[in-house]
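The values are calculated or read from the model by the stated rules, or taken from the named source; none is laboratory data. Bear in mind the structure is a predicted one, so any value in this text is a computation, not a measurement. Cβ atoms come from the backbone with ideal geometry, glycine included; neighbour counts cover every protein chain shown.
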Amino acid sequence: MAVTVRDIARIAGVSVSTVSRALSSPGMVNAATRARVQETARKLGYAPNLNARNLTSGRSGAIGLVVPDLENPFFGSMAKGVQARARAAGYAVFIADTEEDVSVEGEIIRGLSRQVDGVIVCSARGTDASIQQLSQEMPLVLVNRRVPDVSSITFDHAASFQSVMGHLVALGHHRIAYAGGPQTSWSNSQRVQAFAASGQEFPELDLVELGNFQPVFTGGVHAGDLAIASGATAVIAFNDLVAVGLMDRLKQRGLSVPGDISIAGFDNVPISMLVRPTLTTVDFPRVQMGRTSVDALLEALRGTPRTTEGNEIPFELVVRESTGVAKPRSAASPSSTTASALGG
């Protein structure tokens, strides 16, 4: 005999309506009760009758997730969080990859919206106006991007960048470079602004922007030669993949990390602990972000969307081996002439 919500309610010691909310709208139930209901449902092998629910509600019983690059472990981890929370709420997840192509992003989101009840868009590359238009056409939640009047879940990129800068300044670094991500990336724009603001907070610093790079290993390799030529004693990379590419190129050029140049990244993806030296990075709890984005989308489907305020996931600076005390500038810089030519 099939397990029903009444069976779950009886064993979990809650009402039938609480079971229904815990499984379909988990954000409406306190964490302890939600966990007890979901665990009871799992143990009993409960499977919701999606066809009956969908015929009654007129909904598909599925949500969409749009990401710029599934090969990037940042988005893979976030997708796991989305999948887990959606499954607990009785929703299937359709995932689409835009391959970092802003020209097809809107088309992909609209195409996916015909098959799902709402869409979670991670690190959208489109303009604010295009995102706002999409949010008028469908229930939509942004992840890792903030746009006025659109429900969003983000990290505090400015504060996280400042935490890295403060760490490097404490280690005695004065000439610090930033290897940026794609120009269309909102998180990159936030970090560029934070980098510039650091010059006002620490007027003794000599800051160098190396440019924009693809958020992958090869982007870091490209940035490596520019980092060496800049004379910087420390480089902050857009993400961990760029940071690892940087470290590899520095090794090829005969420089040591952190002996000659300190390197830091963002995201705390698994490779940051596998490279040698291990990478100093900012930990963004991506699985938690994925779960929270599903809660926000379910709230939007109920007609109570979150605002853009107060939805930032906490971060943590993880200090590892790739950052160390700065060497004297004369020892770390290839030549003052080269550094000057690059804006020093």
Looking only at region 167-187, which residues are modelled with pLDDT under 95 and assigned to a helix (DSSP H, G or I)?
TRP186, SER187
Under 6 Å between Cβ atoms, which residue pairs at least 6 apart in sequence (or on different chains) link something in region 6-34 that is closer than 16 Å to ARG291 by Cα with a partner that is part of a helix (DSSP H, G or I) and small (Gly, Ala, Ser)?
VAL29/ALA22; ARG34/ALA22
Filter pass, THR98 being surrounded by 19 or more Cβ atoms within 10 Å (Cβ to Cβ) and at pLDDT below 95:
yes
Looking only at region 42-62, filter to residues that are in a helix (DSSP H, G or I) and within 28 Å of PRO139 (Cα to Cα); which one of those is modelled with the lowest pLDDT?
LEU55
Out of all the residues in region 235-245, is one or more touching a Gly at 6+ places or on another chain (Cβ under 7 Å) and either charged (D, E, K, R) or outside the structural domain of PRO328 (by TED's automatic domain parsing) (or both)?
yes
Can you tell me which residue in region 147-160 is nearest to GLY111 (Cα to Cα), limited to those that are under 12 Å from the mean Cα position of the chain (by Cα) and surrounded by fewer than 21 Cβ atoms within 10 Å (Cβ to Cβ)?
THR154
When you go through SER198, SER230 one by one, which is the residue that is at pLDDT 95 or above, over 26 Å from MET273 (Cα atoms) and surrounded by 19 or more Cβ atoms within 10 Å (Cβ to Cβ)?
SER230
Any idea which of (1) free of Cβ contacts under 8 Å to residues at least 60 places away in the same chain; (2) in a helix (DSSP H, G or I); (3) over 30 Å from ASP128 (Cα atoms); (4) more than 22 Å from the chain's Cα centre (by Cα) is the one SER198 doesn't satisfy?
(3)
